[in-house]
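The values are calculated or read from the model by the stated rules, or taken from the named source; none is laboratory data. This is a predicted model, so every value here is computed, not measured. In this analysis, Cβ positions are derived from the backbone assuming ideal geometry, glycine residues included, and neighbour counts consider all displayed protein chains. Just the protein is used for accessible areas: all its heavy atoms, side chains included, with ligands, DNA and RNA removed. Shrake-Rupley method; radii C 1.70, N 1.55, O 1.52, S 1.80 Å.
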Amino acid sequence: MTLAVTPATQVDRSAGVTAPAGFRAAGVIAGIKPAGTPDLTVVVNDGPHDVAAGVFTTNKVKAAPVLWSQQVLTAGKLKAVVLNSGGANACTGPEGFQDTHKTAEKLAEVLSIGAVEVGVCSTGLIGERLPMDAVLSGIDKAVAALADGPEAGLNAATAVMTTDNVPKQAALKHSDGWSIGGFAKGAGMCAPNMATMLSVITTDAVLDQPHLDHALRNAVGKTFNRLDVDGGTSTNDTVLLLSSGASGVTVGPDEFEAALTTLAADLVKQLQADAEGVTKHVSITVQNAATEAEALAAAKIVAEDNLCKTAFFASDPNWGRIAMAVGNAPTAFDPALLDITLNGAPICIAGGKGVDRSEADISGLEIDVVIDLHAGPASATVLTTDLSHAYVEENSAYSS
């Protein structure tokens with residue numbers, strides 16, 4: 001099911017987590033980052049409901065806040081989330097988990113709630129302990145700044161940024177009187193197999209927890225999991241969905257999932273557009289595969305292949321690299337039937353040369369790759385970017 005886009009359901013990027021009723025947020029400078037830029041966000045659900053769901057990284061090396069948030073979400077409730085940038089708190093051992101626990105306890109104390117009602121997220125350099133004095137004092141500062149207006153939502157989206165250039169947020173107001181909004185961050189180490197980097201999404205719709213959880217998992221599978229910047233699934237990837245029920249409007253599961261998918265897809269497009277070193281926005285569609293899983297696997301192989309990505313960067317319609325990558329995918333097809341189209345030009349037909357390469361113009365920002373396997377009825381699309389000089393330079397100097 002897709003959501004009918006009308007003037008009342010248009011995604012609005014000027015609003016975010018505070019667009020739905022019942023939510024306040026803040027983003028402040030806590031002093032976690034040496035640069036003195038915003039680095040701590042708090043989102044509070046004022047209810048009346050506190051239903052929540054989360055999806056987390058599948059990486060075996062999970063950051064302390066991921067382990068904490070997974071534990072507290074077994075109850076299906078959250079009243080607040082605290083997020084920091086400037087440090088991942090990953091690979092920090094028992095001490096790192098204690099730091100996460102202290103973070104949750106601090107926010108719980110200030111808000112007069114339980115620590116088990118607080119989600120925690122972190123992002124930044126792996127392997128270093130967080131400066132806890134800055135984190136704890138930053139929570140006091142953030143709670144004092146909590147507000148429900150659009151500026152507060154934008155501040156919240158800004159304080160989670162690491163190598164992002166711009167904050168990423170979106171909101172959708174449904175004509176039936178309920179809303180959904182959220183922010184996301186992520187520019188590199190981005191090949192989610194659950195979600196992407198960090199994202200908090202809020203809604204004032206009334207839903208029970210099983211339906212909220214089901215909608216989130218389905219939406220993540222269709223959106224966040226279809227973004228692949230560099231093949232790196234982070235240790236910290238988290239998407240949290242909180243429902244306040246403040247609109248009083250009970251929403252059907254299918255209708256809610258459609259709206260959530262629309263919102264998440266917009267956040268993913270923003271993540272793609274702001275990926276590290278990006279000069280090309282690449283869409284890779286594999287169609288007529290035997291199964292959707294095989295179509296997705298083939299698309300991801302192309303998305304992650306460095307030879308394909310460098311060709312995209314050079315605006316070089318080198319379809320042989322794409323054919324090579326598809327041939328390495330765990331996907332069944334007859335190579336003698338393989339078709340590849342670049343920006344509408346059928347550059348490979350029936351496993352061989354199609355139109356002249358000069359007819360495939362990929363010199364612009366957008367590159368649309370369509371790979372037809374002629375092996376079945378299924379299709380899947382993955383969004384990716386090119387591999388540029390700027391990407392290499394940025395990531396070679398990340399820890400310094």
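Being part of a helix (DSSP H, G or I), within 19 Å of Gly232 (Cα to Cα), open to solvent by 20 Å² or more (accessible area, probe 1.4 Å) and modelled with pLDDT under 95 is the requirement here; does Tyr398 meet it?
In short, no.
Filtering the stretch 346-390 down to residues that are of a type in the set (A, V, I, L, M, F, W, C) and free of Cβ contacts under 8 Å to residues at least 24 places away in the same chain, which residue is farthest from Phe312 (Cα to Cα)?
Result: Ala350.
Could you please let me know if Leu337 is open to solvent by 10 Å² or more (accessible area, probe 1.4 Å), in contact with a His (Cβ under 6 Å, 6 or more places away or on another chain) and touching a residue at least 12 places away in the same chain (Cβ under 8 Å)?
Against the criterion (open to solvent by 10 Å² or more (accessible area, probe 1.4 Å), in contact with a His (Cβ under 6 Å, 6 or more places away or on another chain) and touching a residue at least 12 places away in the same chain (Cβ under 8 Å)), Leu337 qualifies.
Out of curiosity, is Ser122 surrounded by 24 or more Cβ atoms within 10 Å (Cβ to Cβ), in contact (Cβ under 8 Å) with a residue 40 or more places away in the chain and touching a Pro at 6+ places or on another chain (Cβ under 7 Å)?
Judged against the criteria, Ser122 is a match.
For (1) in contact with a helix residue (DSSP H, G or I) (Cβ under 9 Å, 6 or more places away or on another chain); (2) surrounded by 21 or more Cβ atoms within 10 Å (Cβ to Cβ), each residue gets a yes or a no:
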residue	(1), (2)
Val17	yes, yes
Ile32	yes, yes
Thr41	yes, yes
Asp46	no, no
Thr57	yes, yes
Lys60	no, no
Ala64	yes, yes
Lys79	yes, yes
Gly93	yes, no
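Just to be sure I understand the filter: pairs with C-beta atoms under 9 Å, separated by 6 or more residues or on different chains, first member in the stretch 209-223 and at pLDDT 95 or above, second member open to solvent by 80 Å² or more (accessible area, probe 1.4 Å) and not in a helix (DSSP H, G or I). Which pairs pass?
Gln209/Lys77
Asn328 fails exactly one of the following numbered conditions: (1) open to solvent by 30 Å² or more (accessible area, probe 1.4 Å); (2) without any contact (Cβ under 8 Å) to a residue 24 or more places away in the chain. What is the number of that condition?
Going through the list (1) open to solvent by 30 Å² or more (accessible area, probe 1.4 Å); (2) without any contact (Cβ under 8 Å) to a residue 24 or more places away in the chain, Asn328 breaks only (2).
Counting only residues that are open to solvent by 30 Å² or more (accessible area, probe 1.4 Å) and without any contact (Cβ under 8 Å) to a residue 40 or more places away in the chain, which one in the stretch 306-315 is farthest from Arg226 (Cα to Cα)?
Selected residue: Ala314.
Being assigned to a loop (DSSP other than H, G, I, E, B) and closer than 19 Å to Ala264 by Cβ is the filter; apply it to the stretch 225-250 and report the residue that is modelled with the highest pLDDT.
Ser244
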